[in-house]
Amino acid sequence: MQSPYKSRKGVRSSAVAYASKRDLTPEGIFDFFLPCPRGLEVALAEEVTALAAHSSTLRAGTPTPGGLPVQGTLTDAMRLNLHCRLPSRVLLLGGSCRYADAEDIYHLARDLGWEQWFDVTQALRVDVTAERSPLESIKFAALRVKDGICDRFRALTGERPDVDTAHPDVRIHLHLREVDALLYLDTSGEPLFKRGWRSEHGAAPLKEHLAAGLLKLSGWTPRDVLFDPLCGSGTLVIEAAQIAANRAPGLNRSFGFEVLRGFDPSAWAALREAARQAVRPVAPGQFFAADIDPANVRMTLDNARRAGVGGAIAAQQGDVIDAVPPVDAAALPAGQSAWLISNPPYDARIAPEGQAADDFAPQLARVLKQRFAGWHVGLLAADLHWDRALRLKPRRRIVLFNGPIECRLMLFEMLAGSARGQV
Ligand SMILES: C[S@@+](CC[C@H](N)C(=O)[O-])C[C@H]1O[C@@H](n2cnc3c(N)ncnc32)[C@H](O)[C@@H]1O
């Protein structure tokens, strides 16, 4: 991949074009970065490592705060997009350079061989993230990336690609570290937590990758029963039922890589078909949801149907304060446990219906202690000391970020044969 430009002293010498060093063949190995909610990095490494059992070329790197570096082929990128529940994107590293100002970043963008991946008729969007960047305006740096790409295409073809922030064909990500700028080509398109089944939103839906993370970090397994008595749009039970059904999260949606050059449509069709064949039926009686708002119950059932797990989920209207266990935990066969996992309305976004926020935690704790003996409980709270309001001692408190909001996943064991819910 050749630059149509002369080198610029100082910058070109430090620019590294990773993607351009490799042939665009199915065997070529690329560097990827998979961003994920902070707190899920190690779980993501385990997810990618499990997927790597099906590919001799896919390798998880060492988790870093906010994501995971991965190496693999373009077919592995399709695999990651189709099967991974925890990342928000699969970003292909195009190149990087040391930078002092936005002009260095302009030259990096201008020197990478974007024409190998897309053409001038495809509309662009450039996003930027930064950690400790000394630049005054990271938005201006993103603008210079766009200029660099457009100038490159103009030099090659006489035309510039359009920018379309709402419906781009191609997304580019600029990540600014303190001294390094990294440019990525997004292979996902819409973020991966958009699984393609959500048509309506509850007041504060959990993002699907965070829901999958709660399930993974709590210790829930695909054999176990799950009850979310504050289900909202049903994200947790839908995610869990899809996992139990071995239903790939990306089966219902399209991806950015489908419009990029270098991706192999027949390999993609084969991966999708194999994923479809791997889906197994889930019998009713394992996944239960409830919400005080009947509209949310309807939304959960509609979402579940669109997610391909409609038959697996029972949902009903009800106040959590009146909730009773949908199964007897003591009567479950060996190897199957009962889990109540939820994100209660702990913060200012939603007040629990019909009660003062201060009353809600102790009432919920009483319900758990008195009626859910033998259950494992996982509650996500943005109030870092919500366990104090509950007056329950968690077995574990796991640090997680819901976007920028620091949260705790609090895990409790409700002891069988006791009114006390702590270990
Ligand atoms: C933070 S939202 C849960 C979001 C859900 N995890 C999702 O992904 O859409 C909390 C939910 O609790 C419900 N809720 C509030 N008070 C309730 C109560 N007393 N009993 C049952 N549900 C309640 C609200 O209607 C809301 O849907």
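Which percentage, to the nearest 5, of the DSSP beta bridges contained in the chain is antiparallel? Don't jump to the answer; show the numbers that get you there.
On the way: 37 of 60 bridges.
In the chain, approximately 60 percent of DSSP beta bridges are antiparallel ones.
Evaluated with a Cβ-only charge set (Lys, Arg +1; Asp, Glu -1), the chain carries a dipole of roughly 640 debye about its Cα centre, given to the nearest 20.
By accessible area, using a 1.4 Å probe on protein heavy atoms only, the chain has 50% of its surface on carbon and sulfur.
The local environment of Leu86, defined by Cβ-Cβ distances under 12 Å, has a net charge of 0 under the rule Lys, Arg +1 and Asp, Glu -1. The ratio of the alpha-carbon radius of gyration of the chain to the globular-protein estimate 2.2 N^0.38 Å is 1.08. Seen from Asp186, the other residues with C-beta closer than 10 Å to its C-beta sum to a net charge of +1, counting Lys and Arg as +1 and Asp and Glu as -1.
Whole Å is fine, so just give me how far the alpha carbon centre of the stretch 25-79 lies from that of the stretch 95-162. If you average the Cα positions of each part, the centres end up 25 Å apart.
Among Val327, Val179, Val282, the largest mean-square fluctuation in a Gaussian network model of the chain, built with springs joining Cα atoms closer than 10 Å, belongs to Val179. Summed over the residues of the chain and divided among them, the accessible surface reaches 43 Å² per residue at a probe radius of 1.4 Å. The 1.4 Å probe gives accessible areas that order Phe288, Phe255, largest first, as Phe288, Phe255. Ranked from largest to smallest solvent-accessible area, with a 1.4 Å probe on the protein heavy atoms, Glu273, Glu178, Glu239 come out as Glu178, Glu273, Glu239.
Pairs from the list Lys194/Lys216; Lys139/Lys216; Lys216/Lys369 with a Cα-Cα gap above 28 Å: Lys139/Lys216. For the residues Thr75, Thr121, Thr57, a GNM of the chain with alpha-carbon springs under 10 Å puts the largest fluctuation on Thr121. Phi angles across the stretch 396-405 convert, under the Karplus curve 6.51 cos²θ - 1.76 cosθ + 1.60 with θ = phi - 60°, into 3J(HN,Hα) values of 8, 10, 10, 7, 9, 10, 9, x, x, 8 Hz, Gly and Pro given as x. One equal scatterer on each Cα of the stretch 19-186, no solvent, Debye formula: the resulting log10 I(q)/I(0) at q = 0.12 Å⁻¹ is -0.55.
Across Phe360, Phe140, Phe193, mean-square fluctuation computed from a Gaussian network of the chain (C-alpha pairs under 10 Å connected) peaks at Phe140.
The values are calculated or read from the model by the stated rules, or taken from the named source; none is laboratory data. Source: prediction; values computed, not measured. Cβ sites come from the backbone with ideal geometry, for glycine too, and all protein chains shown count toward neighbours. Surface accessibility is based on the protein's heavy atoms, side chains included, excluding ligands, DNA and RNA. Shrake-Rupley method; radii C 1.70, N 1.55, O 1.52, S 1.80 Å.
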